[in-house]
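Peer 1: Right, I'll just put the structure down here and ask away after.
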Amino acid sequence: MNGQLRSEIQHGLAVAIILKKDQKSGRLTFGVVQDILTSAPRHTRGIKVRLSDGRVGRVQGLAADFPSVAAGD
């Protein structure tokens, strides 16, 4: 999953996102989807979501797709 299709994103899904402030560095943030903010069925830079902690960013993939980053290695 690359985060570009709205149909692949569901509430409660653990995802990796890029926050607006981290777009240049590519730093990933991990969390659980609370709200899906993009209304279009597809977005080339990733579907915009709000995480359960309130942060907003574009989905880059499932958190499980980035195990070493998510674990803090």
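Quick note: the coordinates plus some simple rules give every number you see, no bench work behind them. From a predicted model like this one, the values you see are computed outputs, not experimental measurements. Don't worry about glycine lacking a Cβ; one is built from the backbone with ideal geometry, like all the others, and counts go over all protein chains shown.
Peer 1: Return the loop-located trypsin sites (Lys or Arg not before Pro) in region 1-42 (DSSP other than H, G, I, E, B) with at most 12 other Cβ atoms within 10 Å of their own Cβ; answer none if there are none.
Peer 2: The qualifying sites are 24, 27.
Peer 1: Pull out the extension gain between residue 64 and residue 35, defined as 0.36 nm times the separation in residues minus the alpha carbon to alpha carbon distance; nm, one decimal.
Peer 2: Working it through step by step, the gained length comes to 8.5 nm.
Peer 1: Rounded to the nearest 20 Debye, what is the dipole magnitude of the chain about its Cα centre when Lys and Arg each give +1 and Asp and Glu each give -1 at the C-beta?
Peer 2: 420
Peer 1: Looking at the chain as a GNM with Cα springs under 10 Å, which of 39, 52, 25 has the largest mean-square fluctuation?
Peer 2: Taking springs between Cα atoms under 10 Å, the residue moving most is 25.
Peer 1: What does the net charge come to around residue 27 if you take all other residues with beta carbon closer than 13 Å to its beta carbon, with K and R at +1 and D and E at -1?
Peer 2: So the surrounding residues net to +4.
Peer 1: If you don't mind, another one. Using all Cα-Cα distances in the chain, what percent lands in each 5 angstrom bin from 0 up to the longest?
Peer 2: For the chain, the binned pair fractions read 3, 20, 31, 27, 15, 3, 1 percent.
Peer 1: Stretch residue 42-residue 27 to full length: gain in nm at 0.36 nm per residue minus the Cα-Cα span?
Peer 2: Contour length minus the Cα-Cα distance gives 3.2 nm.
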